[in-house]
Number of protein chains: 2
Amino acid sequence: MTQPIIRVAIAGYGNLGSGAQAAINQNPDMTLVGIFSRRDPASVTLIDNSVPVYAMDDIAQYKDEIDVLILCGGSKSDLPEQGPKLAALFNIVDSFDTHAKIPEYFESLDAPAKQAGKIALLSVGWDPGLFSINRLYGEAILPVGETYTFWGKGLSQGHSDAVRRVVGVKSGVQYTLPLESAMAKVRSGERPILSTREKHTRECYVVLEAGADEDTVRTAIVNMPDYFADYDTTVHFIDQQTFERDHSKMPHGGFVMRSGSSGTQTDTNHQALEFSLKLESNPQFTASVLVAYARAAYKMNKAGETGAKTVFDVAPGLLSPKTPAQLRKELL
Amino acid sequence: MTQPIIRVAIAGYGNLGSGAQAAINQNPDMTLVGIFSRRDPASVTLIDNSVPVYAMDDIAQYKDEIDVLILCGGSKSDLPEQGPKLAALFNIVDSFDTHAKIPEYFESLDAPAKQAGKIALLSVGWDPGLFSINRLYGEAILPVGETYTFWGKGLSQGHSDAVRRVVGVKSGVQYTLPLESAMAKVRSGERPILSTREKHTRECYVVLEAGADEDTVRTAIVNMPDYFADYDTTVHFIDQQTFERDHSKMPHGGFVMRSGSSGTQTDTNHQALEFSLKLESNPQFTASVLVAYARAAYKMNKAGETGAKTVFDVAPGLLSPKTPAQLRKELL
């Protein structure tokens, strides 16, 4: 290998952090320097023990040993607090996914990153992330048209929590499913106007407490305001063993569709783009996207770029370990 | 509009050139300065007469009036000859699609473009182009996995010509179709090894000359070496009226799939990306992609970049007329 090895570290070690460790192991041009955690380092169990765990409070000491830091904390409280501080020390990549707060979060990273001469690449993942890129390609290439995003089949954490709060539910999960009939309508080119609830159905798998009544629990779930009442909701009752066997993963995915027209009034043609993901593990896939963008952040910073960036600012070639000449030869 | 209007011109006016004119009309941040043709300008009929047609030989005179020139000639002889000359005068965008010759063509544009301080953006369209980008995203994000490209349903010009050369054929077209069973196998995650012929079938629509025999013509087509003998080929016989009504468009499309794995040996998860296009008009769509990338070429050159570039070098945000802040707010 003639290229330098990229030295990466991970801040935060939940499902996303362990996924990032696994993804780095798949990329021979990177080396994982260590994991930083707010927990007692001795208490953190890694997927493999090939790297040290350090206390988050000591992270500034490793300033010169890390090329890119991948932030694997949550968007609600971790990233807004950690992001601006860490952007002043490292090139960072994160998966901030509170769509409405992205402009504000972007600003909070931009100044410290510029000041430090670093790149802060925010909101990387699949939505925001790959889905956003496909929404952009769709409308830039076919300006006359409509864009549709469908989510699922995917495990929804918030809705699963709501199911588990119903009296009589021992274990429960909720999946959001894209509505096939709505997708078919979009694919036909008729460009319907569809609300989120007209595009999705909800499916729950529930294990009952001993003595609980199916009809009572089903009625409580499907009529729950905000969460289920406005959706077509199905409840399946299963035993605990089936639950553990079939519903312990965190699958997700979805579809971005652009339905557009090209040509003239007398020669109009329907043109359709569709991007979809089918993920057996949502956190592992998000982590894989983060790791590819960590490579891009490293290259952009090497090229002299600084400040807050999003996936819209990253040329596709920067994600690959291959050289531009190799990419032109092998993938174009 | 606070942004300057981008002044675009088109060199070459066949299906692709007229598609580019239609696409520019859909983009209010651009204005079409004119069409350049090697034919007698008076003989060129445009989709609308809002712009002048000039002789290609006079193009250098318009050097200061054109921000980006879209080259709409063919890859076989037009672009290799025109590209290097025009790259010395203008920012150019083209759809050079002879995959094997891309590295060589890239080099032929790079020096004149750099010398002139211009951008030469080559091999823009959907394959090469959007499909290439999706192949790159797939392998960069999921390095452990396989990438598959399926083409169709699409009109193949070369195979249609071959059908029309068969004795007894009055009119004929050939469509390449992706094989559903092969796509299902890929989507299942089993990562089969598939040759191009194992992924596609061929379908022909033929109008017979008076007195020609169906069986003779069918046998001649399905046994034709190189073109059809190795494929599952179906021949449909139709009348001239049906042919003209149903087979006068140039549809195309296809699928790029990445089937990969994330995680560890004890927690492996299947992850799948899929990008697809369903195009009623292949040339109009390719032209729409060229026009969006013309905007990017303009912005890159304004930012001081020069030389030959491909879609791998273009950050997604550059394709859009929206500002980076708008994109973050509306599309991320």
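Antiparallel DSSP bridges in the range B:154-250: what percent, to the nearest 5? Kindly include the intermediate steps, with their values, before the conclusion.
Working: 11 of 16 bridges.
DSSP beta bridges in the range B:154-250 are roughly 70 percent antiparallel.
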Computed on Cα atoms, the radius of gyration and Dmax of the protein assembly as shown in angstrom are 27.0, 88
Among A:A162, A:A20, A:A296, the residue with the largest mean-square fluctuation in a Gaussian network model of chain A built from Cα contacts under 10 Å is A:A162
Whole-Hz Karplus couplings 3J(HN,Hα) for the range A:19-29, θ = phi - 60° and coefficients 6.51, -1.76, 1.60, Gly and Pro as x, run x, 5, 4, 4, 5, 4, 4, 7, 10, x, 8
Mean separation of Cα contacts under 8 Å (at least 6 apart) over the residue count of the range A:216-332, i.e. the relative contact order in percent, is 16
Cα-based Rg and Dmax for the range B:82-178, in Å, come out at 18.3, 55
Quick calc: nm separation of the 7 Å Cα→Cβ label points for A:D48 and B:H99 -> 3.3
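Averaging sequence separations of C-alpha pairs under 8 Å and six or more residues apart, then dividing by the length of the range A:10-137, give the relative contact order as a whole percent. Please report the intermediate quantities before stating the final value.
On the way: 179 pairs, mean separation 25.9, N = 128.
Computed over the range A:10-137, the figure is 20 percent.
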Here the correct list, in nm and shortest first, of distances from A:K85 to the same site in the other copies, label points 7 Å along Cα→Cβ, is 6.4
For B:E244, inter-copy label-point distances (7 Å, Cα→Cβ), nm, shortest first, read 7.2
Per the charge dipole of the range A:154-250 (beta-carbon charges, Lys/Arg positive, Asp/Glu negative, Cα centre), the residue among A:V206, A:Q240, A:F228 reaching farthest to the positive end is A:F228
Of all trypsin sites (Lys or Arg not before Pro) in the range B:1-64, the ones in DSSP coil with at most 16 other Cβ atoms within 10 Å are B:R38, B:R39
The ratio Rg/Rh over the Cα atoms of the range B:1-111, Rh being the Kirkwood inverse mean 1/r radius, stands at 0.96
Percent of all alpha-carbon pairs of chain B at distances over 36 Å, whole number, is 30
The size of the Cβ-based charge dipole (Lys, Arg +1; Asp, Glu -1) of the range A:154-250 about the Cα centre, to the nearest 20 debye, is 400
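Largest first, how would B:H159, B:H200 line up by accessible area (1.4 Å probe)? Walk me through the intermediate numbers first.
Details: B:H159 30, B:H200 5 Å².
Per-residue accessible area, sorted high to low, gives B:H159, B:H200.
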In the structure shown, of A:K63/A:K309; A:K185/B:K249; B:K114/B:K302, the pairs separated by more than 19 angstrom at the C-alpha atoms are A:K63/A:K309; A:K185/B:K249
To the nearest 0.05, the calculated FRET efficiency linking A:H236 and B:K302 through their beta-carbon distance, R0 being 60 Å, is 0.55
One can check that the equivalent ellipsoid of the range B:154-250, built from the alpha-carbon gyration tensor with semi-axes equal to the square roots of five times its eigenvalues, has lengths in Å, largest first, of 28, 15, 10
With DSSP loop assignment and no more than 13 other C-beta atoms within 10 Å, the GluC sites (Glu not before Pro) in the range A:161-205 are A:E190
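Which whole-number percent gives the relative contact order of chain A, counting Cα pairs below 8 Å spaced six or more residues apart? If you can, show how the numbers build up before the last one.
Working: 639 pairs, mean separation 69.0, N = 332.
RCO, chain A: 21 percent.
Using 1/(1 + (r/R0)^6) with R0 = 41 angstrom and r between the beta carbons of B:I193 and B:M56, what's the FRET efficiency to the nearest 0.05? List each step's numbers first, then the result.
Values: r = 47 Å, r/R0 = 1.14.
The pair B:I193/B:M56 has a calculated efficiency of 0.30.
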Given the candidates A:Y105, A:T176, A:S156, the one whose Cα lies deepest towards the positive end of the charge dipole of chain A, counting +1 at each Lys or Arg C-beta and -1 at each Asp or Glu C-beta, is A:Y105
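Calculate the FRET efficiency for B:R39 and A:T264 from the Cβ-Cβ distance with a Förster distance of 22 Å, rounded to the nearest 0.05. Mind showing how you got there, number by number?
On the way: r = 21 Å, r/R0 = 0.95.
The calculated FRET efficiency here is 0.60.
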Rounded to the angstrom and largest first, Cα extents along the principal axes for the range B:281-328 equal 33, 29, 16
Answer in debye to the nearest 20: the dipole magnitude of the protein assembly as shown about its Cα centre, from +1 Lys/Arg and -1 Asp/Glu charges placed on Cβ, is 980
Here the averaged projected area of the range B:218-286, based on the convex hull of its alpha-carbon atoms and given in nm², is 8.3
The simple spin-label model distance between A:T219 and B:A210, using points 7 Å out along Cα→Cβ, in nm, is 7.9
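The values are calculated or read from the model by the stated rules, or taken from the named source; none is laboratory data. Since this is a predicted model, take the numbers as computed values, not measurements. We place every Cβ from the backbone using ideal geometry, glycine too, and count neighbours over all the protein chains shown. Accessible surface is based on the protein model in full, side chains and every heavy atom, while ligands, DNA and RNA are left aside. Shrake-Rupley method; radii C 1.70, N 1.55, O 1.52, S 1.80 Å.
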